Amino acid sequence: MDFVGFLNGLGLTQPAIWTAVVIAIAILLRVSNVFRYIPNNQVGIVEKLWSTKGSIDDGFIALNGEAGYEPEVLRGGLHVMFPLMYRIHRSDLVTVGQGKIAYVFARDGAALESSQVLGANDTEDKSDFQDARRFLRGGGQKGPQRKILREGTYAINTTQFAVITDDRVYGHALSERERGVLESMQLTITERWGFAPVVLAADHDLVGIVTVHDGPSLPPGEIIAPEVGIELRDAATFHNNFQEPEKFLSAGGYRGRQLQVIVEGTWYINRLFATVEAVPKTVIPVGNVGVVIFYTGPRTDDVSGEQYRHGELVLNGSRGVWKDPLLPGKYAFNTYAGKIEIIPTVNFILKWMRGEVGAMKLDENLSEISLITKDAFEPTLPLSVVMHIDYKKAPMIIQRFGDVKKLVEQTLDPMVSAFFKNIAQKMTLIELLQNRAAIQAEAAHDMKARFESYSLDLQEVLIGTPRAAPGDHTIENILIQLRSRQIAREQIETYQEQEKAAVQERALNEAKATAAAQSALTQSLIQVKVNENEGAAALARAQKDAETRKVTAAAVGEQSRLEGQGEADRVLAVGAANAQATKLSVDAYGGPEYRLAEQNFAKFADALTRINQPLVPQFLMSSGQGQEGNSAGLIPTAMLSSMFGQMMPGALEKLKDEAPKATRRTNGQ
């Protein structure tokens with residue numbers, strides 16, 4: 001019994017037939033793709049399986065009804081298709097995240113030119129990636145595109161356009177080779193940080209150097225592409241910092257590193273078209289200027305003047321060394337288009353001392369100057385030179401020497417060393433030590449003109465103490481001798497100063513004493529003045545008294561003369577009388593001897609009465625007993641006899657002389 005008979009026996013023949021018909025129809029509809037539902041988060045890519053027009057001749061997008069992939073896509077919903085003619089491939093909508101960039105790779109279209117890197121999107125047709133037919137009809141080119149996709153969701157035919165994002169590659173019907181190419185592109189873009197915009201933060205002080213990878217090449221001899229499309233008012237060419245590649249190329253932009261830089265901000269740049277290198281801004285500190293050596297720009301005439309023959313200076317913006325330096329500040333300078341030499345304009349020091357290096361490291365290769373003195377010593381001389389560069393002359397220094405360090409090492413070092421070597425050969429070591437100030441002044445004077453010839457302004461030359469080689473104590477011994485001499489000189493001067501101090505102290509003490517006695521001194525001066533005045537008055541009185549006394553004395557003198565004359569006459573008369581009486585007395589005594597003896601006894605008696613001594617001695621000395629009565633009066637008698645014997649001759653002579661005078665006076669009356 002067959003299967004149908006079995007069904008009939010069960011009474012199920014009719015339902016089974018209808019069920020089978022339904023299933024067969026469903027299978028047929030599914031296989032024939034008559035009805036197809038597309039979710040709203042996807043698109044349907046239509047593949048035409050057969051066509052009376054046959055297959056496409058070029059490419060793989062059927063624009064004219066040929067068999068192949070259709071340019072249009074099906075959006076979300078239920079779609080009715082001609083049976084057995086189409087195959088529908090579902091593909092996710094392309095989603096580009098916030099702050100991200102997606103890159104488009106066209107699989108079909110016109111071929112790129114031989115020098116072209118990216119497909120052109122210079123028209124609206126060529127830049128419409130959601131309408132593949134329009135893109136292809138408008139002449140869109142295959143390959144990676146210049147236009148990028150910003151944030152959003154796009155219904156794109158991923159068979160025609162493969163879209164590369166940071167997390168996946170959107171593409172349909174990709175071969176293994178194509179997928180490998182797209183993944184390689186994704187890796188390249190990732191290495192260039194190309195899925196995110198270029199962000200230059202304000203607090204980082206960075207500037208973006210742009211290198212364009214598409215467009216015409218630079219003319220021969222040029223290394224930096226000139227600025228183009230920077231005028232905001234020109235909408236056709238203003239590319240807004242390389243964010244619109246087609247406008248950049250329309251403005252005449254070249255492939256290669258660009259002179260134009262980008263500064264702080266967020267810039268959505270196709271990294272397959274242009275890459276950005278962030279470099280620090282150029283900062284010229286206060287006290288410095290920047291001399292620009294520019295590698296690009298127009299060639300202009302020399303503006304250095306006829307007297308300057310060490311190179312050319314050009315106007316700012318031209319190729320060469322700019323005439324005007326950059327003043328202190330911060331600059332968004334393209335360091336590939338030129339070089340800025342920082343030149344100090346404040347006073348700076350060059351030290352000829354090994355191991356001591358300034359902030360600018362201009363003297364890192366300098367060391368002490370080796371000398372040979374007149375007396376064959378070989379010291380080394382540490383030296384410092386203070387100098388200044390006029391900011392207007394800074395470009396001349398760069399043009400002539402290249403940089404300040406070369407100037408120091410190749411010119412100043414040999415010149416300064418030779419100058420001090422010449423001085424040392426004329427002096428002994430002691431003279432070199434003792435004449436440091438003179439040598440320093442001479443060096444400052446003589447080297448100033450030499451420095452000016454190199455556009456430098458010498459401010460000061462500072463000489464250190466000559467040093468000996470390690471292990472050589474000769475110079476130290478000489479210094480010890482000089483120190484001993486100086487100590488002796490200082491001691492002499494100290495003693496002199498102490499002497500002066502003692503003199504000053506004495507003067508001070510005198511001054512203090514004078515000040516202390518000033519009151520008494522003033523009083524004494526006043527008293528002296530008073531005394532002078534009183535003396536003058538007394539003198540005047542004395543003069544008056546003298547005159548008075550003179551007159552009085554004259555009168556008294558005349559009176560005394562008269563009185564004396566009278567007294568003399570009286571005395572004469574009395575004397576004459578006494579003489580006459582004496583003579584008569586002498587004659588009465590029998591001669592002058594008796595008269596004299598009488599007078600002497602009278603005087604002797606008078607004397608005895610006055611001395612209060614006993615006339616008779618209380619003790620009597622004798623030569624033997626029993627003779628007391630015989631010799632008691634021998635001593636007084638002997639004394640009187642001797643006295644009278646000595647006085648007698650003189651008295652007689654005196655009486656003889658007085659007697660005639662008395663006689664003459666009497667006769668002369």
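The values are calculated or read from the model by the stated rules, or taken from the named source; none is laboratory data. Every value quoted in this text rests on a predicted model; they were computed, and no experiment measured them. Quick reminder, even Gly has a Cβ in these numbers, built from the backbone with ideal geometry, and neighbours come from all protein chains shown.
Some notes on this structure:
- The stretch 63-95, residues that are among the aliphatic types (A, V, I, L, M) and either in contact with a helix residue (DSSP H, G or I) (Cβ under 7 Å, 6 or more places away or on another chain) or buried (at least 21 other Cβ atoms within 10 Å of the Cβ) (or both): Leu63, Val73, Leu74, Leu84, Val94
- Residue in the stretch 113-126 that is farthest from the chain's Cα centre (by Cα), counting only those that are surrounded by 16 or more Cβ atoms within 10 Å (Cβ to Cβ) and free of Cβ contacts under 8 Å to residues at least 60 places away in the same chain: Asp125
- Which listed residue is touching a His at 6+ places or on another chain (Cβ under 9 Å) and not assigned by TED's automatic domain parsing to the domain that holds Val346, from Pro298, Pro245, Pro285: Pro245
Conditions (1) farther than 28 Å from Leu249 by Cα; (2) assigned by TED's automatic domain parsing to the domain that holds Gly256; (3) among the hydroxyl-bearing types (Ser, Thr, Tyr); (4) in contact with a His (Cβ under 7 Å, 6 or more places away or on another chain), marked per residue:
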site: Ser51; (1), (2), (3), (4): yes, no, yes, no
site: Ser55; (1), (2), (3), (4): yes, no, yes, no
site: Phe60; (1), (2), (3), (4): yes, no, no, no
site: Gly76; (1), (2), (3), (4): yes, no, no, no
site: Pro83; (1), (2), (3), (4): yes, no, no, no
site: Lys100; (1), (2), (3), (4): no, yes, no, no
site: Glu113; (1), (2), (3), (4): no, yes, no, no
site: Asn121; (1), (2), (3), (4): no, yes, no, no
site: Arg133; (1), (2), (3), (4): no, yes, no, no
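- Scanning the stretch 177-195 turns up no residue that is aromatic (Phe, Trp, Tyr) and under 19 Å from Arg90 (Cα atoms).
- Tally of residues being crowded, with 24+ Cβ neighbours inside 10 Å and aromatic (Phe, Trp, Tyr) across the stretch 145-162: 1
- Here Ser175 meets the list (1) exposed (fewer than 14 other Cβ atoms within 10 Å of the Cβ); (2) modelled with pLDDT of 95 or more almost entirely, failing just condition (2).
- Thr300 vs. criteria modelled with pLDDT under 90, polar (S, T, N, Q) and in contact with a strand residue (DSSP E or B) (Cβ under 6 Å, 6 or more places away or on another chain): yes
- For the stretch 362-379, the criterion of being surrounded by 17 or more Cβ atoms within 10 Å (Cβ to Cβ), at pLDDT below 95 and among the basic types (Lys, Arg) is met by none of the residues.
- Counting residues in the stretch 277-298 that are of a type in the set (Asp, Glu), surrounded by 15 or more Cβ atoms within 10 Å (Cβ to Cβ) and out of contact with any Leu (no Cβ under 9 Å at 6 or more places or on another chain) gives zero.
- Test: residue in the stretch 24-43 that is at pLDDT below 70, within 26 Å of Ile156 (Cβ to Cβ) and surrounded by 11 or more Cβ atoms within 10 Å (Cβ to Cβ): yes
- Just one of the listed residues (Leu84, Leu78) is outside any strand (DSSP E or B), in contact (Cβ under 8 Å) with a residue 40 or more places away in the chain and within 30 Å of Ile25 (Cα to Cα), namely Leu84.
- When Phe273, Phe238, Phe294, Phe248 are checked against the criterion of being touching a helix residue (DSSP H, G or I) at 6+ places or on another chain (Cβ under 8 Å) and closer than 26 Å to Pro220 by Cβ, Phe273 stands alone in meeting it.
- Scanning the stretch 261-274 for residues that are over 38 Å from the mean Cα position of the chain (by Cα), in a strand (DSSP E or B) and crowded, with 21+ Cβ neighbours inside 10 Å yields a total of 1.
- Condition broken by Phe348, with the remaining ones in (1) touching a strand residue (DSSP E or B) at 6+ places or on another chain (Cβ under 8 Å); (2) of a type outside the set (S, T, N, Q); (3) assigned by TED's automatic domain parsing to the domain that holds Ile101 satisfied: (3)
- Candidates Ala424, Ala359, filtered to the one that is more than 23 Å from Pro285 (Cα to Cα) and either of a type in the set (A, V, I, L, M) or buried (at least 16 other Cβ atoms within 10 Å of the Cβ) (or both): Ala424
- From the options Phe242, Phe248, residue that is modelled with pLDDT of 95 or more and in a helix (DSSP H, G or I): Phe248
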